[in-house]
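First the structure, in the form of structure tokens, and then the observations on it.
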Amino acid sequence: MDDLAAWNELSRREQRLLIKLFGGGSLAREGPEETANLERLGLITDAGLSAEGLKLFISAFKAQRDARRSALFV
């Protein structure tokens with residue numbers, strides 16, 4: 001599965017949590033359901049965003065950016 005598809009499989013709340021971690025935030029006041037699922041998927045750890053989570057976020061960000069750029073030039 002490509003990274004954009006994997007990103008799209010996450011709920012909006014889970015995506016928001018990854019964005020928050022990427023920006024340096026914490027999950028201190030977040031719901032346990034979303035964090036448990038992200039931990040199960042290996043996207044976050046107790047220390048924050050995992051290497052796999054970072055890779056997924058960056059790849060999805062780039063894919064969305066490229067999609068927007070190509071839509072502008074169609």
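Data for the structure
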{"item": "Test: residue 71 is assigned to a helix (DSSP H, G or I) and modelled with pLDDT under 90", "result": "yes"}
{"item": "Residue, nearest to residue 3 (Cα to Cα), within segment 23-74, restricted to residues that are of a type in the set (Val, Ile, Thr) and within 13 Å of the chain's Cα centre (by Cα)", "result": "58"}
{"item": "Condition check for residue 21: assigned to a helix (DSSP H, G or I) and either crowded, with 17+ Cβ neighbours inside 10 Å or among the aromatic types (Phe, Trp, Tyr) (or both)", "result": "yes"}
{"item": "Count of segment 26-36 residues which are surrounded by 13 or more Cβ atoms within 10 Å (Cβ to Cβ) and either among the aliphatic types (A, V, I, L, M) or in a loop (DSSP other than H, G, I, E, B) (or both)", "result": "2"}
{"item": "Segment 1-18, subset surrounded by 10 or more Cβ atoms within 10 Å (Cβ to Cβ) and hydrophobic (A, V, I, L, M, F, W, C), residue modelled with the lowest pLDDT", "result": "4"}
{"item": "In segment 38-66, the residues that are assigned to a helix (DSSP H, G or I), without any contact (Cβ under 8 Å) to a residue 24 or more places away in the chain and surrounded by 11 or more Cβ atoms within 10 Å (Cβ to Cβ)", "result": "39, 52, 58, 61, 62, 66"}
{"item": "Pairs where the first residue, in segment 1-16, is farther than 14 Å from residue 63 by Cβ and the second is at pLDDT 90 or above and surrounded by 12 or more Cβ atoms within 10 Å (Cβ to Cβ), C-beta under 7 Å, 6+ apart", "result": "14/37; 14/38"}
{"item": "Given (1) part of a loop (DSSP other than H, G, I, E, B); (2) touching an Asp or Glu at 6+ places or on another chain (Cβ under 6 Å), number of the condition residue 14 does not satisfy", "result": "(1)"}
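The values are calculated or read from the model by the stated rules, or taken from the named source; none is laboratory data. Keep in mind it's a predicted model, so treat the numbers as computed, not measured. FYI the Cβ positions are ideal-geometry reconstructions off the backbone, even for glycines, and counts take in every protein chain you see.
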